[in-house]
Amino acid sequence: MQIPGSVKNLYTLRLALLAGVLIPVVLVVALAGSWSLRLLEDQVNQRMQQDIELIAHAIRLPLSHALERDRIGSINQALNSAFTIDVVYGAYVYDENGEEVARSGRRAARVATDQAASLAASGDQLGEFSQAGNEEIFSYFVPLTDAGGRINGLLQLTRRGSDFSNYIAMVRATAWFALAGLCLILALIVIGGHHYALGRPLRRMLGGIKQIRSKDSQARLAIEGPAEVRNISGSINNMLDRIESSEKLATIGRLSAGIAHELGSPLAALDGKAQQALRETDRESRTGRCLTQIRAQAQRMEVIIRQLLDYGRDNPLQRVSLEISQLVEQATDHALAAAPSTIDSLCDAQPTIKVEGKPQRVRVDAMRFDQALSNLVGNALHACQSQIRISWDVVDTSGSQSTRIMIEDDGDGISEDELPNLFDPFFTTKPVGQGTGLGLAVAHAAVADHGGHISVTRSERLGGACFTIHLPAPAPQA
């Protein structure tokens with residue numbers, strides 16, 4: 001069943017805190033309070049019984065002597081002394097046969113003769129609750145003994161049961177009132193804590209989001225409040241920065257593609273005219289060398305334009321199943337053919353390119369993926385000292401398989417300062433005139449179009465950079 005939107009709006013963070021934190025705490029406090037209150041009631045009950053026991057033991061000895069000497073006046077005096085403490089309801093003295101000798105207080109609480117005789121004969125002290133008319137009575141029985149230790153009577157002290165119930169009810173009401181006050185204090189603490197610790201920074205965050213929704217592209221959220229709120233605000237700001245950066249990059253891509261198309265025709269005409277003039281000129285003459293340099297720079301500009309077109313391209317992929325070894329071989333040939341002079345100037349000898357990997361096919365757009373591989377291999381050719389290693393395998397990532405292609409070199413590697421901007425357009429670590437800053441950006445965009453990504457680490461085997469292409473899943477074997 002779908003919950004109405006009005007009900008969803010009522011479920012706020014404050015209500016969630018009250019329901020998820022305060023209510024469980026209140027339940028725990030209530031259970032603990034109930035258990036503690038039960039223990040307290042038992043202790044109060046025992047304490048009120050002990051009061052009667054203490055009075056009984058206090059008058060037991062004078063009653064025993066008075067009963068032994070048959071002094072009724074002393075017996076009544078001892079019984080009356082028990083009433084000086086306002087807890088005794090009735091006091092009774094029986095002889096050894098259970099006959100009443102003296103009493104003070106309500107007669108309705110006395111016990112039968114045979115029962116009194118039985119209690120006196122047992123010699124045990126006993127406390128029990130009984131019903132006297134419509135009133136509950138607590139009675140405490142203490143045997144009386146003569147000088148020789150022989151039982152010669154029985155003392156019965158009584159107390160109203162209502163004294164117990166009323167006092168326990170008062171204790172219970174006080175305890176529950178204290179628990180209710182504690183729960184109220186906890187509620188105020190939770191609400192106040194939410195207001196000051198979460199409510200204010202969240203309201204500021206919502207205000208910032210409303211400002212962003214009002215088309216203020218430069219607005220950002222304030223980084224304040226608890227760590228979690230600061231992390232959320234920082235993540236939103238990073239997301240906005242990335243969106244703004246992506247929009248700028250998309251604009252750059254469209255602009256680059258337009259410029260490339262506009263420059264392509266005049267550049268081709270310039271190269272053609274220079275080639276035509278070079279046929280009619282001595283290549284070793286000053287004019288011939290200038291024409292050669294013009295053609296070299298025109299060809300360099302052609303490479304830049306082609307990379308701009310590749311970066312700004314937004315065509316749907318034409319995926320086909322291809323063998324990785326075939327893609328690597330083709331990309332290596334293209335990279336070697338594209339920069340032979342650079343390799344000769346950077347390396348003492350042709351670098352060794354080692355290729356490793358079992359037969360494995362992937363479904364990719366042949367042209368786009370070749371651009372990515374060619375640019376990464378070309379980057380390794382520029383960075384290496386003497387060795388390049390290209391390998392691939394299938395790995396398990398988060399419970400699913402993916403294809404991994406690694407291009408490693410034995411160069412100086414990538415510094416920590418260069419990593420954040422490595423795949424940005426027009427960012428290059430090469431000297432002026434040797435790089436356009438588009439090769440890695442084109443490779444990154446091509447791999448991303450295939451649903452994969454590129455990571456950069458230090459090569460454990462060669463010591464230089466290790467560019468790793470991760471594709472979502474391998475294609476089934478042919």
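What follows draws every value from the coordinates through simple rules; no lab data is involved. Here the structure is a predicted model, which is why all the values come from computation and not from measurement. As a convention, Cβ positions derive from the backbone with ideal geometry for all residues, glycine included, and neighbour counts pool all protein chains shown.
See the values below:
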{"read-out": "Ordering of 462-473, 375-386 by burial proxy (mean other Cβ atoms within 10 Å per residue, highest first)", "value": "375-386, 462-473"}
{"read-out": "Highest to lowest packing among 403-413, 32-42, scored as the average C-beta count within 10 Å", "value": "403-413, 32-42"}
{"read-out": "Rounded FRET efficiency, nearest 0.05, which uses the C-beta distance separating Arg38 from Ala187 and R0 of 35 Å", "value": "0.90"}
{"read-out": "Residues Ala121 and Leu31, FRET efficiency given R0 of 41 Å [Cβ-Cβ distance, rounded to 0.05]", "value": "0.30"}
{"read-out": "Cα gyration tensor category, rounded, prolate or oblate, for the range 16-167 with a/c compared to 1.5", "value": "prolate"}
{"read-out": "Nitroxide proxy distance, nm - points 7 Å out along Cα→Cβ at Leu15 and Glu284", "value": "9.3 nm"}
{"read-out": "Linear extension gain, Glu53 paired with Ser74, 0.36 nm per residue minus alpha-carbon span", "value": "5.5 nm"}
{"read-out": "Nitroxide proxy distance, nm - points 7 Å out along Cα→Cβ at Leu317 and Ser455", "value": "1.9 nm"}
{"read-out": "Potential extension, Asp393-Glu128 segment - 0.36 nm per residue separation minus Cα distance", "value": "86.7 nm"}
{"read-out": "Hits among aspartates and glutamates - C-alpha to C-alpha of Lys273 under 16 Å, sequence gap 8 or more where chains match", "value": "Asp282, Glu302"}
